[in-house]
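Here is the structure we will look at, set down as structure tokens.
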């Protein structure tokens, strides 16, 4: 088989006007976003906040949030909140749609989805105001970070950060509508990728100063390659459940059955959300202790610090729990079975209706467990590596999971545009294929 020509593939992109315009529009939107993440909000000493994050604020929820906003939080920029208020509001609406019958019905029709989208925007504004006010209180608590603290500073900071969050939300929606890929995901993607390069240069700096030995660097390199390969494999991995839809046509007086199809059940349907939920919960004791200043709470919170056995144990339990929880929210076997029944489809060896839903749920529960274990390893590997190999920094398996997932989705959309115009794409097979074997009637 002839190997794909990258130069020809890039030429085909340029020859596709619609695709080229989408890529160009997406690029300039992301450039505008990155410019905003370097404009410091007025009335704040960004150096004091950066020093705080460098000394003690790099871990936990603050560090994770700062990662998703491309360092805007640690630099106290006008886009310090980034796309996260919109992501949080979307998650709340999604969860509510799974537990509130009225909102579940609204998700099934066009007008209802438009109203839910509007509610998500309103929720984004509310969350941005709350988070902006909280960030103002946080900056005032740092010595020398605010020149003139007070009510006016809090109001000003909340308004500026809210306006920035709403503008970033608008940019994400514009990318989704007029650009290439999911706007919110791409904004987080480039926020994370931007911080890869400083980490690479920092690594070689540690080697030159002797803080990181060659053996540790080799171990780190092998682990990172294994993590990237594992993330790609698990992101694409899926269990293919064979289905048949009895659409029949007349051919010379005989009935001929249509071709078979399959339902791809992803091993990691929940994505990175279980890790985010788990880390949000695990940092609660430390956050409460820090805000209260109570010595007893501070000693209690030390039990949950990264590196302790209790931290590893609770993180693993929470990640596995939230993997099953979030998968149950975004994937409804009952709806899938009903839609399949309406189309006249069935799984060979399984009765349509309730039995089909039970079968799909059983398969989903079985394949979700290895996905949950993989997410646990991805989340805890950086800290374990830092403790055992004495690496003076951490690389994020969580960030790699996001980057790989967004990159694969964007490439799939680009490939689809090329195939619609009969161009050769980036991939040999013409599409991103799921890894897994076909299954019918049993696990």
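Descriptive notes on the structure:
- Annotation note: Cβ proximity below 6 Å between a residue of the range 265-281 that is assigned by TED's automatic domain parsing to the domain that holds residue 319 and a residue that is at pLDDT 85 or above and not in a helix (DSSP H, G or I) (sequence gap 6+ or interchain) occurs for 265/238; 265/239; 266/238; 267/237.
- Per the listing 61, 30, the residue uniquely crowded, with 16+ Cβ neighbours inside 10 Å, modelled with pLDDT under 80 and within 20 Å of the chain's Cα centre (by Cα) is 61.
- Qualifying residue in the range 335-351 (condition: surrounded by 15 or more Cβ atoms within 10 Å (Cβ to Cβ), under 23 Å from the mean Cα position of the chain (by Cα) and either under 30 Å from residue 212 (Cα atoms) or modelled with pLDDT of 75 or more (or both)): no
- Residue within the range 50-57 that is modelled with pLDDT of 85 or more, assigned to a loop (DSSP other than H, G, I, E, B) and surrounded by fewer than 19 Cβ atoms within 10 Å (Cβ to Cβ) present: no
- Of all residues in the range 291-319, those being part of a helix (DSSP H, G or I), surrounded by 14 or more Cβ atoms within 10 Å (Cβ to Cβ) and at pLDDT below 75 number 4.
- In this structure, residue 241 does not qualify as at pLDDT 75 or above, touching a helix residue (DSSP H, G or I) at 6+ places or on another chain (Cβ under 6 Å) and either more than 20 Å from residue 405 (Cβ to Cβ) or outside any strand (DSSP E or B) (or both).
- Hits in the range 141-163 (condition: in contact with a helix residue (DSSP H, G or I) (Cβ under 7 Å, 6 or more places away or on another chain) and at negative phi): 142, 145, 146, 149, 153, 154, 157, 158, 161, 162
- Identity of the residue in the range 382-423, within 16 Å of residue 20 (Cβ to Cβ) and in a loop (DSSP other than H, G, I, E, B), that ends up modelled with the highest pLDDT: 421
- The residues listed here are 116, 73; of these, the one that is touching a helix residue (DSSP H, G or I) at 6+ places or on another chain (Cβ under 8 Å) and farther than 23 Å from residue 400 by Cβ is 116.
- Criterion (under 20 Å from the mean Cα position of the chain (by Cα), surrounded by 17 or more Cβ atoms within 10 Å (Cβ to Cβ), over 28 Å from residue 270 (Cα atoms) and not assigned by TED's automatic domain parsing to the domain that holds residue 277) met by exactly one of 77, 37: 37
- Odd one out for residue 265 among (1) out of contact with any helix residue (DSSP H, G or I) (no Cβ under 6 Å at 6 or more places or on another chain); (2) in a strand (DSSP E or B); (3) modelled with pLDDT of 80 or more: (1)
- Any hit, the range 90-111, residues being in contact (Cβ under 8 Å) with a residue 40 or more places away in the chain, outside any helix (DSSP H, G or I) and closer than 22 Å to residue 322 by Cα: no
The values are calculated or read from the model by the stated rules, or taken from the named source; none is laboratory data. Everything quoted here is computed from the prediction, not taken from an experiment. Don't worry about glycine lacking a Cβ; one is built from the backbone with ideal geometry, like all the others, and counts go over all protein chains shown.
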